[in-house]
Amino acid sequence: MNKSIPVQLVIILLSNLMAATCVFAQTVFTHQLPEAYVQASPNFEVSAFKLALDKTVAEYGAYEIRTAPQTNVNRIVQSIKTNAYPNYFASLGYNEGYKSTKEMDYVPFPVDLGVLSYRTCFAPKSMMDKLAKVNSLDDLRQFSMGLGRDWVDVAILRSNGFTVMEVAQYSALFKMTAAHRFDLFCRGVNEIKDEYDHFGSIKGLGYDLHLLIYYPMPILFYTNPSNKEANARVTKGLQMAFADGSLIALWREQHQASVDFARLKKRKVFRLENPLVKSIDFDYTKYFYKLDTDYPTR
């Protein structure tokens, strides 16, 4: 009896060691929270990232997701270029300038299914009557825009003839809109409800119910080119989730309430060009989830 005890202890110790080894063998991924993110709400991009990794566990194994602290776009880009964190991924609007440096690569899949292409706008309450009378792109161009510094939308709007003021701090954009430092602060229809709930009580801040601005905006997971296997895994996982419907189900779960809040029907639709997507090397539009609008594009 006594001689069997050491053998049993060895077996237990080996089992514990194997279990610990499995835990430590998890592949570490780091996801960057976007700069413009209301903390009280679940983040779709993080949820989609996790879904992609879940779909590929059988092939690639267990994983751990770590979250990098919020920061601005310029610092995110620098972190990607230097590969500052293990398997670091950040979601950014497509910009041909990012990949041309050969220090950045992306997952060829528009993670948000194109929802950020649809924009409705915060504006000073005093502007509501004027916005209701906008009937053409030339009318719309008379209004100035506020955006975050280094956001990809800045170049898009300027190329379409708009005057844009860049603001360093995301939360300041709402106060500056209310104070009429510029006329419009336009947000993706997936963002608008959380932001309205969070910032809508600011004195003087209004939300326009007449205009819908559209320009194609694929949001991609960017990473360092050295993360080839991680990139392949996330790509495969997103494609699997799209094919089996689980990504669209997640999209509806986290975005539909905000899309409904935006009341897209009966809005006047203004389509802008996005010159930054001309060089994109895959058909992102086949993944776009088309939203229902009634008015013809102007």
Between 0 and 90°, nearest 10: helix 228-243 axis offset from the chain longest Cα axis: 70 degrees
Separation of the ALA172 and SER144 label points, Cα + 7 Å toward Cβ, nm: 1.5 nm
Stretch gain in nm, segment ASP197-ASP292, where the contour uses 0.36 nm per residue and the Cα spacing is subtracted: 31.9 nm
Karplus-derived HN-Hα couplings along segment 152-166 (A = 6.51, B = -1.76, C = 1.60, θ = phi - 60°), whole Hz, x at Gly and Pro: 4, 4, 4, 5, 5, 5, 5, 5, 9, x, 9, 8, 10, 9, 8
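What does the charge count near CYS186 come to, summing +1 for each Lys or Arg and -1 for each Asp or Glu among other residues with Cβ under 12 Å from its Cβ?
On the way: positive: ARG119, ARG187; negative: ASP153, ASP183, GLU191, GLU195, ASP208.
Overall, the nearby charge balance is -3.
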Crossing angle, helix 73-82 versus the chain [Cα axis fit, 0-90 degrees, rounded to tens]: 30 degrees
Reported label for calculated Cα extents along the principal axes in Å given (1) 92, 40, 35; (2) 66, 47, 46; (3) 44, 44, 36: (1)
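Using just the helices of the chain, give the 222 nm mean residue ellipticity in deg cm²/dmol: DSSP H runs with n ≥ 4 each add -39,500 (n - 2.57), and the total is spread over all residues, rounded to 500. Walk me through the numbers on the way to the answer.
Working: 12 runs with 117 residues, N = 298.
When only DSSP H runs of four or more count, the value is -11500 deg cm²/dmol.
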Whole-Å distance, taken between Cα centres, linking segment 275-294 and segment 136-163: 20 Å
Cα long-axis angle, helix 44-55 against the chain (0 to 90 degrees, to the nearest 10): 30 degrees
Extended-chain gain in nm, criterion 0.36 nm per residue less alpha-carbon gap, VAL269 and LYS102: 56.4 nm
Projected label distance in nm at ALA249 and ASN135, using a 7 Å step from Cα toward the beta-carbon: 4.8 nm
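In debye, nearest 20, what is the charge dipole magnitude of the chain about its Cα centre with +1 on Lys and Arg Cβ and -1 on Asp and Glu Cβ, if you could check? Don't jump to the answer; show the numbers that get you there.
Details: 34 positive and 30 negative charges, 73 e Å.
The calculation lands at about 360 debye.
Using alpha-carbon pairs under 8 Å, 6+ residues apart, how would you state the relative contact order of segment 116-214 in percent? Display every interim value, and only then the final one.
Values: 163 pairs, mean separation 48.0, N = 99.
Result for segment 116-214 is 48 percent.
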GLN26-PHE282 pseudo-label distance in nm [points 7 Å out on the Cα-to-Cβ vector]: 2.6 nm
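With +1 on the Cβ of every Lys and Arg and -1 on the Cβ of every Asp and Glu, and nothing else charged, how large is the dipole of segment 116-214 about its Cα centre, in debye rounded to the nearest 20? Write out the running numbers ahead of the final one.
On the way: 12 positive and 12 negative charges, 46 e Å.
My answer is approximately 220 debye.
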Cα-based radius of gyration of segment 116-214 once divided by 2.2 N^0.38 Å, which approximates compact folds: 0.97
Within straight-line cross-link reach of LYS228, lysines at Cα separation under 26 Å, skipping those fewer than 8 residues along the same chain: LYS50, LYS55, LYS81, LYS99, LYS102, LYS236, LYS278, LYS286
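Each reported figure results from applying straightforward, stated rules to the coordinates on display, with no laboratory input. Not measured: the values here are computed from a predicted model. Please note: Cβ atoms are built from the backbone with ideal geometry, for glycine as well, and neighbour counts cover all protein chains shown.
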